[in-house]
Amino acid sequence: MKRDEQIGKIKKGACFDIVIIGGGATGLGTAVDAATRGYSTLLVEQNDFAKGTSSRSTKLVHGGVRYLAQGDVSLVYHALHERGRMKRNAPHLVKDMRFVIGAYRWWEKAFYTIGLTLYDILAGRLGLGRSLPLSIKKVTNDIPTLIKKGLKGGIIYHDGQFDDARMAVTLAQTAIDNGAICLNYMMFNGLQKDDEGGISGVTIEDQLTKETYSIAAKAVINATGVFVDDIMNMAEPGSKKKVKPSQGVHIVVDSTFLGGRSALMIPKTKDGRVLFGVPWHGKVVLGTTDTPLDNAMLEPKALDEEIDFILDQAGQYLEKKPGRSDVLSVFAGLRPLAAPAHEGNMKTKEISRSHKIYKSDSGMLTVTGGKWTTYREMAEDAVNQTIKMAGLPFKQCVTKHLRQHGYLKNADMSTWDYVYGSDIDFINRLIEEDPSNVELLHEGYTFRKAHVVWAVREEMAYTVEDVLARRVRLLFLDARAAVEIAPKVASIMASEMGKDRLWEEEQISEFRALAKNYIL
C-alpha cells in the first residue's frame, strides 16, 4: 500500500467514476464497495485514515441492545446481520465476546433473558451464541470483581469485539487490492462544476508535499462524518445542518478491574445509557458518554465530568473501583448523529443511529449517521444511489461475502499480531531479513521495531501519531508508555523515510503535545 505509487496514478489525469471524501469507516467501506464492483475509485482523507471518530469507538461490533430496548427493531436486525458478516469476512479482526449482565433485582434475570433471546432470534444464522441465564457462581466466575452484595445471578449474551483503527487500515488495503486509490493526508479543497452547475470534479492538495491536483469525477460522495455539513455547504451554500455531533468518552484501565475475559454490560446508568467494560488488547475499555456538542473538531477532549461519570458508574458495580490514578488512557470521539428534523428537547441517546443519505442539486451525495457495525450496508446504499444519480452502468454489490485484506481464519488472538491476519508472515520476514527488527519498543508490550517498519512501508504511516495511535494503538492503551517510546519510534521512522534529526524532534514534540489529552 504505497502512497507514491498511488499518487503516480492520479498524475496521469484519469477521470474517476467515483471520488469519495473522507477516510473513516463509511468512506473506506464505500471505496471497497465501489472498487469491487469495478468502478474507478479515488478516496481522499485530509489527515490519517480513521483519525477521527472511527478510531475512537467502544471497540464493539454489535446490534445495539439499547436500540432494541428503545424499540428500533429494524436497526438492530440489520446491525446484527452486518455484525455476522464482519466476523465472517474479517475473522482476524472481529471476535466473539461474552457479555455479562449482573442481576440485582428479582425480575431482572428473566426480563433480560427474554429480551436478549429476541436479540439472538433477530441475528438468525449469523448469531454468535445463545443468551442464557447465569447462576451467581457463574456470574462471579466470568466477572470476578463484580459486587457480590445483592447479586441474584445474571445473564450472558454474545456480541462482537474488534480493533476499529486496524479495521480501517484493512479496508483501505482491501480497496487498494481491488484497484481503488486511497490517499491519506490529501485535503479536499473544493468542487469543480460544469456550465450547468453540476459537479464535474474536485480539487485536492497533498498535505505532505503541498502539490495540488485537479481531478475529474462522474460522481462525488461526501463521507466526512461530523464534518459533512462543511462539505455540503461547498456544494449548496446555506444548506441546513444535517449532523448533530455527540461526544463519547472512553477510559482504559488495567484488565484486573474486571478480572476475567468476559465483558461487563451495565444496562442502565443514571443518564439512561448503557455502560460497557470491554477487554481489549490486554486492557479494559470503560464507556461511554453521550454529550451533545455544537461544533465538530478533529481532536476532541474528554470533559472532567465525563471521566468522573464513567468512573463513578463503573465503581458502583465493581469491587475494585477505578479511580483517576488508574486511568492508562482517555479518549474522546464525536458521533455524527443525523440531526432531528425539528429542534426540541430530544436527547442525543434518542436520536436514531440509522444512516441518512442526502443528494445535492449539483450532484453530490452525502452519507452520514450510522455506526461502525453497519459501515458495509451504508456503503452499499451510498453506491447504489450514486449509480442512479450519476447515471453509471449498474454493477452488483459483492461485499456481503468479500474477504477482507489479510483474511485469516483461526488467528491466535492471544497476541497483538492477530490484527495483521496473513500479513504477519511478511512482518516475520522483516525480522528474518534484519534481526534488529525483533527489538521490543517497550518492555511492557509486544510491539516491535518490525511493526513500525511495516507501518511505514506498507500501511501509509507518516507520523509518530499514525504509528502509536492507529497502527499499534499504544496511545489508546497506555498513553504514558506511548510518550516513553515516541523518540524510539521517531528514530525508526526517520531512518525508513530518510528524514533528518529536526524532523524527529518535531515529531516527538508534536506527539507529546497530543498525548497530554490522553493522560489524566
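Extending 7 Å from the Cα toward the beta-carbon at both I519 and L132 defines two label points whose distance is 4.6 nm. For the set D254, D230, solvent exposure ranked by accessible area (probe 1.4 Å, protein chains only) runs largest to smallest as D230, D254.
Determine the distance separating the Cα centre of the range 503-517 from the Cα centre of the range 167-243; give it in Å without decimals. Centre-to-centre distance over Cα atoms comes out at 28 Å. Accessible area ranking (1.4 Å probe, heavy atoms, ligands and nucleic acids excluded), largest first, for E433, E108, E377: E433, E377, E108.
Taking max minus min of the alpha-carbon positions on each principal axis, the chain gives extents of 71, 56, 41 Å, largest first.
Excluding same-chain neighbours fewer than eight residues apart, the lysines reachable from K516 by a Cα-Cα span under 23 Å are K51, K59, K283, K301, K488.
Where does the charge balance sit around L365 when Lys and Arg score +1, Asp and Glu -1, over other residues with C-beta under 15 Å from its C-beta? Display every interim value, and only then the final one.
On the way: positive: K218, K242, K356, K359, K388; negative: D17, D33, D229, E236, D361, E380, D381.
That works out to -2.
The mean accessible area for residues of the chain, using a 1.4 Å probe and ignoring ligands and nucleic acids, is 40 Å² per residue.
For the chain, hydrophobic long helices are taken as DSSP H runs at least 20 Å long by C-alpha position along their axis with mean Kyte-Doolittle hydropathy of 0.0 or more; these are 108-123, 479-497. Please sort by residue number the GluC sites (Glu not before Pro) in the range 139-245 whose DSSP state is loop and whose Cβ has at most 15 other Cβ atoms within 10 Å. Loop-located and lightly packed - E196, E211. Structural descriptor for the range 187-323: relative contact order 17 percent, calculated from alpha carbon pairs under 8 angstrom and at least 6 residues apart. So what is the relative contact order of the range 214-282, in percent, for Cα pairs below 8 Å that sit 6 or more residues apart? The normalised contact order for the range 214-282 reaches 18 percent. In this simple spin-label approximation, K409 and F111 carry label points 7 Å from Cα along the Cα→Cβ vector, and these lie 4.2 nm apart.
Under 14 Å from the Cβ of T117, count the other residues' Cβ atoms, weight Lys and Arg +1, Asp and Glu -1, and hand me the total.
+1
Using a cutoff of 8 angstrom between alpha carbon atoms and counting only pairs six or more residues apart, the relative contact order for the chain works out to 19 percent. Cross-link pairs exceeding 23 Å between alpha carbons, from the set K138/K409; K149/K270; K87/K148; K11/K356: K138/K409; K87/K148; K11/K356.
Here the range 1-93 exposes an accessible surface that is 49 percent carbon and sulfur, computed with a 1.4 Å probe and the other protein chains kept in place. Per atom type, the range 164-204 shows carbon and sulfur on 39% of its accessible surface, probed at 1.4 Å.
Rounded to the nearest 0.05, what FRET efficiency do E299 and K388 give with R0 = 45 Å and r taken as the Cβ-Cβ distance? Could you check? It comes out at approximately 0.75.
As a test of reading the structure, rank R3, R403 by solvent-accessible area (1.4 Å probe, protein chains only), most first. Please report the intermediate quantities before stating the final value.
Values: R3 10, R403 150 Å².
Order by accessible area, largest first: R403, R3.
Judged by the mean number of other Cβ atoms found within 10 Å, the most tightly packed of the peptides 391-399, 184-192 leads the ranking 184-192, 391-399. Per residue, the chain reaches -10500 deg cm²/dmol at 222 nm when only DSSP H runs of four or more residues are counted, each adding -39500 (n - 2.57).
Of the solvent-accessible surface of the range 455-509, computed with a 1.4 Å probe and all protein chains present, 43% belongs to carbon and sulfur.
The values are calculated or read from the model by the stated rules, or taken from the named source; none is laboratory data. Fair warning: this is a prediction, and the values are worked out from it, not measured in the lab. A quick note on method: Cβ atoms are made from the backbone with ideal geometry, for glycine too, and the neighbour counts reach across all protein chains shown. All accessible areas refer to the heavy atoms of the entire protein, side chains included, with ligands and DNA or RNA removed. Shrake-Rupley method; radii C 1.70, N 1.55, O 1.52, S 1.80 Å.
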